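I have placed the structure first, in the form of structure tokens, so that the comments after it can refer back to it.
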Amino acid sequence: MDITQLNSWKQDAADLKREEEKRWYSPSSFFFSQGKAIILAASYFHDQRLINRARGGVARKHRHRSYLALFGQLMASLEYLLKDFVAQVIDLTDIYDDRVKRAKWISVEVAQILTTRRTMYAWPGAVLFHSSLGWHEPRSVNARYTELFEYQPIDSAEVTELEQLWILRHSVAHNAGFVTTADAVRGGMAQLSNRVVDIDETFLNDTFAFLCVIARRVAEGVGGRVLLTYLQSKRDAGSDYARDKWSYSNLKRLSFYVPSRAAKLPTVAKRDYTADFAAANPPNAIV
């Protein structure tokens, strides 16, 4: 088998172009598109689509294995969002550079830098964050986002449930869905001890809905805060769309959350910049 001969997915050029735009500019919107595709795949092989003789135990067994894999992909999409949002912010503006320099949880090794040679992700943010660990720990994620952006992407009431989902993801990725006693106890899921978790279409839908709340908060909450901070940093220099167009437009798109695979990202124009700059820097604001 020659892995280097594998081709990229090219079934629908229009869908790919739309999703690639979201991947480059709006991590939260890309999460929704990826997650929705996973949910659609999970719902495709329900009993009504199968002939009667294909609805028995063998079909359910194979469907369950597919659901395990889809659950792993869904959680991976969230991890990508959490890392890529931070990476893109750092690549788009220098206003957080001092905080990045002080962050003790960021470490870069020589091998990490060398592996990015001649790749499309060799921007500083990608080098710093895409290969870093700890994104499966909600409390660590909140601490990192708070340290950099002064905003938590995960609500306190969501932490425990997200921790359990990451433990299940670990069981799926490393133990074929088998939950060890240690992991079951660690996640407060004693009923799953030494059992294979039964992930079904309903669970996948519920998980996606739960994660979408976090994805929206990353975009609109954290992204909105980042955009505000950026525009406030330009207060003394004054409004200048030509000067700020590139950084502003890209930071603005980070704050978009498009809950539709078929919808494109909204366009960003000078009028948006003018309105956002005025809102971030009112005439009588205390600096």
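Some observations on this one:
- Multiplying the residue separation of His62 and Glu150 by 0.36 nm and subtracting their alpha-carbon distance yields 27.2 nm.
- Simple spin-label estimate for Phe178 and Thr4 in nanometres, 7 Å along Cα-Cβ: 3.7 nm
- Degrees between helix 270-280 axis and first principal axis of the chain (Cα, 0 to 90, nearest 10): 80 degrees
- For the stretch 24-222, the alpha-carbon radius of gyration amounts to 1.14 times the rule-of-thumb value 2.2 N^0.38 Å expected for a compact globular protein.
- Full extension of the chain between Asp98 and Phe203 gives 33.6 nm of extra length, using 0.36 nm per residue less the Cα-Cα distance.
- Summed residue charge, Cβ within 14 Å of Met189's Cβ, Lys/Arg positive, Asp/Glu negative: -1
- Alpha-carbon centroids, the stretch 214-287 and the stretch 69-89: separation in whole Å: 23 Å
- The stretch 230-287 - Debye-derived log10 I(q)/I(0), Cα point model, q = 0.13, 0.15, 0.18, 0.19 Å⁻¹: -0.38, -0.48, -0.65, -0.70
- The alpha-carbon of Lys83 sits under 14 angstrom from the alpha-carbons of these aspartates and glutamates, leaving out residues fewer than 8 places away in its chain: Asp91, Glu137.
- 0 to 90° range, to nearest 10: angle between helix 138-149 axis and the chain longest Cα axis: 10 degrees
- Relative contact order (percent, whole number), the chain, Cα cutoff 8 Å, 6+ residue spacing: 26 percent
- Ranked by how many other beta carbons lie within 10 Å on average, peptides 250-258, 131-139 from highest: 250-258, 131-139
- Order by protection proxy (mean Cβ within 10 Å, highest first), peptides 269-277, 30-38, 171-179: 30-38, 171-179, 269-277
- 0 to 90° range, to nearest 10: angle between helix 223-233 axis and the chain longest Cα axis: 20 degrees
- Net charge dipole, the chain: roughly 620 debye, given to the nearest 20, about the Cα centre with Cβ charges of +1 for Lys and Arg and -1 for Asp and Glu.
- Backbone amide hydrogens, once placed in the peptide plane, bring Val196 within less than 5 Å of Val179, excluding anything fewer than 5 places away on its chain.
- Free of any GluC sites (Glu not before Pro) that DSSP assigns to a loop and that have at most 16 other C-beta atoms within 10 Å, the longest stretch within the chain is 151-287.
Every number in this text was worked out from the coordinates using simple rules, so none of it is lab data. Predicted, not measured: the structure shown is a model, and the values here were computed from it. Glycine gets a Cβ as well: all are built from the backbone with ideal geometry, and neighbour counts include every protein chain shown.
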